[in-house]
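None of the figures in this text is laboratory data; all of them are computed from the coordinates on show. Predicted, not measured: the structure shown is a model, and the values here were computed from it. For neighbour counting, all protein chains shown are included, and Cβ atoms are generated from backbone atoms with ideal geometry for every residue, glycine included.
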Amino acid sequence: MKNKKNIKRKLRKKAQFLNLILVLIALMIVIFFTPKLISTARYIYSAIHDNYLSSKDFYFSSDKLSLDHTEYQITNNWSGAETYRVTINMSSKENDMASTESDIDYEVAFTCSDNIECTLSKNSGTIVGTNNGGVNEDSFTISINPKNGVTLSNTEIAWVDVTATSTSPYSQEISGRLILEVGSSNIYYEITDSVNSPYLMVNIINSSPVDEDVTLTYSPNTVLLDMTGQFYLNSTANTVEQLNSYNYLNSITSKVTSLSTTSVKFYKNDATQNYTYSPSDTGTPVITLSY
């Protein structure tokens, strides 16, 4: 009797094993012959997952990264010689009316093309939600240098793949590729800032072989120039506007030496704002540059 039970058990296990093999073969056939079906299934899963997170008022987005792996083109702003910085802004709000109440913790990873070396200003961050008095914004910066200090040639392409993954309270991944084409306009600049910082920095890069007179123009209603810095002390021209019976600078011109970077500090009238700007950004920066 016992032998019969053992035989039945072995036959049942053998049948289960054969069924498993058949299922695996069927799945391999489906995957091999219907890749569009797999892609569709992933798309459907992703859409369901995103809708679920939205129903929880969870918003995890960026100006340069997306769920669909955005390609972000940056052209004619880099000489291929000096450090090039790209600021990536993170957000936990859908619009002015909908935002995430809780903090969102996230991690950042990247890979870059063989002709450049890249570093991150931070490998992880937190987008502070409204429950903790935050403004639902954060940012990090990628610094890009030619590999081994070898200047890239004109029109040469470099790229950085960036992925940001939220780790709390929910998991979601957004990514993108930053594509740089060498072709510097000789003078370019960026604004580095963060929420609740009392000041911002304007970094001016002169990649041309000659000194250039550079003019910064701005509204004193928004920012005020640090008048202890060398950019002001060495200025050659400026203009003013009157506010509350007082004259305030609203533009300043000063020399930026060749193949150098000059940093200029401005104090913010509203520290809760983030005025970060890079040459690849759309929109009008709070401080404009001309030369």
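Side notes on the structure shown:
- Distance in nm between pseudo-label sites at residue 237 and residue 143 (7 Å out along the Cβ direction from Cα): 3.5
- Within straight-line cross-link reach of residue 147, aspartates and glutamates at Cα separation under 12 Å, skipping those fewer than 8 residues along the same chain: 82, 114, 117
- Difference of contour (0.36 nm per residue) and Cα-Cα distance, residue 288 to residue 221: 22.6 nm
- Given their separation in residues at 0.36 nm each and the Cα-Cα distance between them, residue 131 and residue 230 gain 31.5 nm when the chain is fully extended.
- Direction-averaged projected area, Cα convex hull, region 244-291: 5.2 nm², rounded to one decimal.
- Legend: residue pairs 122/255; 122/265; 93/255; 64/255, Cα-Cα distance threshold 31 Å; pairs beyond threshold, 122/255; 93/255; 64/255.
- Binning all Cα-Cα separations of region 88-131 at 5 Å, short to long from zero, yields these whole-percent fractions: 5, 17, 23, 17, 13, 10, 8, 5, 2.
- Rg followed by Dmax, in Å, when region 110-218 is reduced to its Cα trace: 17.5, 52
- Pair residue 213, residue 83: separation of 7 Å Cα→Cβ label points (nm): 3.0
- Chain lengthening between residue 257 and residue 157 when straightened (0.36 nm per residue, less Cα-Cα): 33.3 nm
- Packing rank of 270-280, 191-201, where each peptide gets the mean count of other beta carbons within 10 Å, highest leading: 270-280, 191-201
- Most tightly packed first, judged by the mean number of other beta-carbon atoms within 10 Å of their residues, the peptides 229-241, 133-145, 245-257 read 133-145, 245-257, 229-241.
- Descending by average beta-carbon neighbour count within 10 Å, the peptides 78-88, 171-181, 149-159 line up as 78-88, 171-181, 149-159, the highest first.
- Hydrodynamic analysis of region 160-291 uses the Kirkwood radius over alpha carbon pairs. Inserted into Stokes-Einstein at 10 °C and 1.306 mPa s, it gives a translational diffusion coefficient of 96 µm²/s.
- Mean shadow area of region 58-184, taken as a quarter of the surface of its Cα convex hull (nm²): 7.7
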